[in-house]
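Below is one structure, written out as structure tokens, with a few remarks after it.
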Amino acid sequence: MGRTWRGRYRRGSGRARGGRVARLAGLGVLVALLTTGCSVEEVLRFGWPEGVTPQATAMRELWTYATIAALVVGAITWGAMAWTVTFHRKRKGDDGTPPRQTQYNLPVEIVFTVVPTIIVAVLFGFTVNVQNYVDVDVPDPDVRIDTLAFQWNWQFSYPDAPAVDGKPISTLGTSDTIPLLVLPTERRIQFTQRSNDVIHSFFVPEFLFKRDVFPMPEANNQDNVWQIDRIEREGAFVGRCAELCGSYHSQMNFEVRAVSPALYDRWLGLRAQDNPATGAPYTAGEALGALDCGEVCSPTSYKTYPFSTDRTKRSATEPVAAR
Ligand SMILES: [Cu+2]
């Protein structure tokens, strides 16, 4: 009885079992998609954040198409494996002789060499295309920002905008202030970056871009200048250091504030004046607060919080709530 059942199960139900596995897998994917509440657009980003620059969109589309191509290759491979495992098992009555051997089949070998070469060449071509676009630096960008990274904070200067003392307007992050990098939307921005000490990395997830910040970039033969076409929407975006640079690397945050060009011009104007309330030049936060444009003009960070980097402290530091 047992034998008969097993024999029938093996011979007759392999196809049914394969179908059941496929249905279960399909159901699993459907349930995962429905229960996570992901939109199609979100799924197609495959985990990447939503970009806010044309460069970010170009990189994200490359990622989406490359992942879909990989999934298609994966589905064919997994399908071939499942088919082999399901329908080519050892059968009752097999006498132990190996199955028909098909190696050294020249046409198949050629196909298996040429097809992956074409896939890699196409991926390479698209990657070079996008990389060339992301790396373009045009002369005379609308806005220039000088970025200085140090253990463990950032300073952002506006070399084309003099402050009260005639030096460029600049914003310095400290243990109790997150530096606010105020930028205009819809304008071409150039970043020039250097480090005062070790290697850091400038990273704004919504730009989908990071670049190492080197000490002495010229001596190190590094291209420390890069540009974005524009920021496409207003908002606050956390910026991070993405290169392990010491004890407080993970706290080395800044906050991008993208505001409309008109607000940006007013902000720069304020920063070139003294704040009557303090008798000192407007800080980045004070000037934003004076613009009074809602959340995006909050005078202090609200997407991240400052953190003391005092190395003489011997106890864990409580995060300072965003103020
Ligand atoms: Cu760093």
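Details
- Evaluation of Pro217 against (1) under 24 Å from the mean Cα position of the chain (by Cα); (2) part of a strand (DSSP E or B) (one fails), failing number: (2)
Table: residues versus (1) farther than 16 Å from Phe254 by Cα; (2) of a type in the set (A, V, I, L, M).
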| residue | (1), (2) |
| --- | --- |
| Gln155 | no, no |
| Asp165 | yes, no |
| Ile169 | yes, yes |
| Ile178 | no, yes |
| Leu183 | no, yes |
| Ser201 | no, no |
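- The residues on offer are Thr300, Thr278, and the sole one that is among the hydroxyl-bearing types (Ser, Thr, Tyr), in contact with a helix residue (DSSP H, G or I) (Cβ under 6 Å, 6 or more places away or on another chain) and part of a loop (DSSP other than H, G, I, E, B) is Thr300.
- Residue check, Ala66 within 12 Å of the chain's Cα centre (by Cα) and either in a loop (DSSP other than H, G, I, E, B) or surrounded by 12 or more Cβ atoms within 10 Å (Cβ to Cβ) (or both): no
- Listed conditions (1) closer than 19 Å to Ala56 by Cα; (2) touching a Leu at 6+ places or on another chain (Cβ under 8 Å) are all met by Pro141, apart from (2).
For (1) in the same structural domain as Ile228 (by TED's automatic domain parsing); (2) under 20 Å from Arg230 (Cβ atoms), each residue gets a yes or a no:
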site: Phe124; (1), (2): no, no
site: Thr127; (1), (2): no, no
site: Asn153; (1), (2): yes, no
site: Thr174; (1), (2): yes, no
site: Arg187; (1), (2): yes, yes
site: Gln193; (1), (2): yes, yes
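- Arg89 vs. criteria of a type outside the set (Phe, Trp, Tyr) and assigned to a loop (DSSP other than H, G, I, E, B): yes
- Test: Gln222 is over 21 Å from Ala56 (Cα atoms), within 16 Å of the ligand (Cβ to nearest atom), more than 19 Å from the chain's Cα centre (by Cα) and buried (at least 17 other Cβ atoms within 10 Å of the Cβ): yes
- Checked against (1) away from the ligand (no atom under 16 Å from the Cβ); (2) over 16 Å from Phe237 (Cα atoms); (3) under 20 Å from the mean Cα position of the chain (by Cα), Asp212 passes all but a single condition, namely (1).
- Residue identified as under 29 Å from Trp48 (Cβ atoms) and surrounded by fewer than 21 Cβ atoms within 10 Å (Cβ to Cβ) among Lys167, Lys210: Lys210
- If the condition is being in contact with a Lys or Arg (Cβ under 9 Å, 6 or more places away or on another chain) and either near the ligand (Cβ under 8 Å from one of its atoms) or assigned to a loop (DSSP other than H, G, I, E, B) (or both), then the range 250-263 contributes Met252, Asn253.
- Among the residues of the range 235-244, none qualifies, meaning not one is in the same structural domain as Asn153 (by TED's automatic domain parsing), over 19 Å from the mean Cα position of the chain (by Cα) and crowded, with 19+ Cβ neighbours inside 10 Å.
Rundown of residues vs (1) farther than 22 Å from Arg188 by Cα; (2) of a type in the set (S, T, N, Q), yes/no style:
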{"residue": "Leu263", "(1), (2)": "no, no"}
{"residue": "Arg266", "(1), (2)": "no, no"}
{"residue": "Asp274", "(1), (2)": "yes, no"}
{"residue": "Thr283", "(1), (2)": "yes, yes"}
{"residue": "Gly289", "(1), (2)": "yes, no"}
{"residue": "Asp292", "(1), (2)": "yes, no"}
{"residue": "Thr300", "(1), (2)": "yes, yes"}
{"residue": "Lys303", "(1), (2)": "yes, no"}
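The values are calculated or read from the model by the stated rules, or taken from the named source; none is laboratory data. Values in this document were obtained by computation on a predicted structure and should not be read as measured data. No Cβ is skipped: glycine too gets one built from the backbone with ideal geometry, and neighbour counts run over all protein chains shown.
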